[in-house]
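Since the structure comes first, as structure tokens, the remarks are kept for the end.
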Amino acid sequence: MVLDGVKKPWILMPSGPLGWSSHRYIVPSLLDVWTGLGAHIEYLWFPRPVITKKWIQKIKNEASHLVFPIGISHYEALWTLRQLRENHGVELAAVLMLAADLTKGYNTVFENRLVLSSNDRFVTNCSVEKKLAELAFHHSSRVMAIPLPVSEIFKPVSKEERLSFKESLGLSPNDLFILYAGRISAQKNVHGLLSTFSLFLKNHKNAKLFILGPHDDIGLPHFGQARNTRYANEICTLITDLKIDRSVVFRGEVTQEELTKYLSACDVNITLSLHSGEDFGYSIAQGLACGAPTIVSGWGGGIDFSGPTGGAIRVPVTVSENGPRVCNLTAVQALVRLTDFEENAKWRLRALAFAKKKLSLEYARLKWSEILELQQTCPRQNLKLNKMYLNNYLDSFTRQVRGFQSADDELYLKITKIYAAQNHTSLKKIKRGQKVYFHPLFDLKKNMLRDSTAMETDLSLSPTEKRQISKHIGRKNEIVSIKFSEIKTRSWTKKLIKSGVLLPVLD
């Protein structure tokens, strides 16, 4: 599909180095999409592009839209847009790709809110980020969720090639090859993944976890916290304490060609990320394109990869006053399921089918053509903004934290519950007879979860409620599935869901 018309969308690409390492894979695929639609690619030197009269006249004569893609920070994009609109009279509609900044309070956009108009469009990488954009801008902007396309270099290989690559890694055909590809970061919940793997390893001694990717010390910038410079040391200490050092292999960064081999050959590709900006998960998408049986956390972009028609198994995430957390024991169950021979073959096919349908260049071109064909419908008007977001931006100057003060911040809790898809699992939407996961590691004496890998959450229960819980507790290290109809009171159910004792099934 090629866009018709004399004027074409202008993609304003940075001529300098890109930001995140994943952009090295993402941007070339997006360029394939846009050039396939007939868009014009204009390279500029950000953060302060040179704006001349000749260039402005060229934009007015030839451009139908201005697209600011991934690779340009919102601060740079909005500064450029401000110069074009306020100083040079360029009123073309802009398309801004949101890169998960809504989860951090979106201060950059609110700082430049008067630059944007109701004619501008926003493209997100996942459905929950789209909901956040609609929340922030009161549905006044046109928002579309478009998955990032995956390069055609990521594709499945034959069974013989998979076995050959496993052998090159020192694995036998019967060894279980578990893979994590991504940054080694507190944001990515690598410590939670290691705890999950240690539980799985108790009954699967032949499993090996390969970890690909660089280490970083970013920490939690949206809470104004200092960089976590000791995360690598903490990971090493955790591996030693869990006694899994012989079963975990670090390979650092690998080339795109090597990554394809790892993703194609692994038995399971897993990420339990709780990154505040996990709006897609490109290594997960690459793995699905390679046919890797996949486990994702039900968080941000991971939600779109899973579900009844998805290509991955989702592990529920609950949001408490201490922030989001993954149920590690449910993740262990998913690992057990995917390492079964028949289930593994089934999920390889599901991964490939999903990638072909949602992660291809053709699908991305179709969705991008829809948003680029939209025309300006009215004179430029300011966006209608959500007061919670706007107040958070204004308050950030007082508290000197450009984000949130704590995990129980009202706006942060609202955002994370959307990011964890908890808006789909409210009590009103839990039907009678629907199954829920019951957390077995609940200490009746101390009234708290005693999962060593989860944050301890206080919960006050009456003696009657304790007796009701005790009827459903199974053996240790197991998840007991019960039905909503067996739960006696709605107030008790709400209390248990909030604490993470009950995890409503999403898939």
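The values are calculated or read from the model by the stated rules, or taken from the named source; none is laboratory data. The structure presented is a predicted model; accordingly, all values stated were derived computationally and were not measured. Please note: Cβ atoms are built from the backbone with ideal geometry, for glycine as well, and neighbour counts cover all protein chains shown. Calculation scope for accessible area: heavy atoms of the full protein, side chains included, ligands and nucleic acids excluded. Shrake-Rupley method; radii C 1.70, N 1.55, O 1.52, S 1.80 Å.
Only residues that are part of a helix (DSSP H, G or I) and open to solvent by 10 Å² or more (accessible area, probe 1.4 Å): list them for region 356-373, please.
Of everything in region 356-373, those that are part of a helix (DSSP H, G or I) and open to solvent by 10 Å² or more (accessible area, probe 1.4 Å) turn out to be Lys356, Lys357, Lys358, Leu361, Glu362, Tyr363, Arg365, Leu366, Lys367, Glu370.
Do you know which of the residues in region 74-92 that are assigned to a loop (DSSP other than H, G, I, E, B) and not small (Gly, Ala, Ser) is least open to solvent (accessible area, probe 1.4 Å)?
Val90
Within region 119-129, can one find any residue that is open to solvent by 40 Å² or more (accessible area, probe 1.4 Å), closer than 30 Å to Glu410 by Cα, out of contact with any His (no Cβ under 6 Å at 6 or more places or on another chain) and modelled with pLDDT under 90?
No, that holds for no residue.
Give region 186-219 a look and list any residue that's assigned to a loop (DSSP other than H, G, I, E, B) and buried (at least 21 other Cβ atoms within 10 Å of the Cβ), or say none.
Those that are assigned to a loop (DSSP other than H, G, I, E, B) and buried (at least 21 other Cβ atoms within 10 Å of the Cβ): Asn189, Gly213.
Among residues belonging to region 290-334 that are of a type in the set (S, T, N, Q) and part of a strand (DSSP E or B), point out the one that is modelled with the highest pLDDT. So that I can check it myself, show each step before the final result.
First, the residues of region 290-334 that are of a type in the set (S, T, N, Q): 294, 297, 306, 309, 318, 320, 322, 328, 330, 333.
In the following step, the residues that additionally are part of a strand (DSSP E or B) were identified as 294, 297, 318, 320.
On the way: Thr294: 98, Ser297: 94, Thr318: 77, Ser320: 66.
That would be Thr294.
Whether any residue in region 340-355 is more than 21 Å from Lys159 (Cα to Cα) and of a type in the set (S, T, N, Q) is what I want to check.
No, there is no match, as no residue in region 340-355 is more than 21 Å from Lys159 (Cα to Cα) and of a type in the set (S, T, N, Q).
Is it the case, given these coordinates, that Val50 is at pLDDT below 90 and either in a helix (DSSP H, G or I) or on the phi > 0 side of the Ramachandran plot (or both)?
Criteria not met by Val50.
Taking Gly71, is it buried (at least 16 other Cβ atoms within 10 Å of the Cβ), among the small types (Gly, Ala, Ser) and in a loop (DSSP other than H, G, I, E, B)? Even if it seems obvious, please write down each step before you answer.
Details: buried (at least 16 other Cβ atoms within 10 Å of the Cβ): yes; among the small types (Gly, Ala, Ser): yes; in a loop (DSSP other than H, G, I, E, B): yes.
Against the criterion (buried (at least 16 other Cβ atoms within 10 Å of the Cβ), among the small types (Gly, Ala, Ser) and in a loop (DSSP other than H, G, I, E, B)), Gly71 qualifies.
Scanning region 106-133 for residues that are touching a strand residue (DSSP E or B) at 6+ places or on another chain (Cβ under 6 Å) and among the charged types (D, E, K, R), which turns out nearest to Leu366 (Cα to Cα)?
Checking each candidate, the answer is Arg121.
From Ile295, Ile313, Ile284, which residue is closer than 25 Å to Leu199 by Cα and open to solvent by 10 Å² or more (accessible area, probe 1.4 Å)?
Exactly one residue qualifies, and that residue is Ile313.
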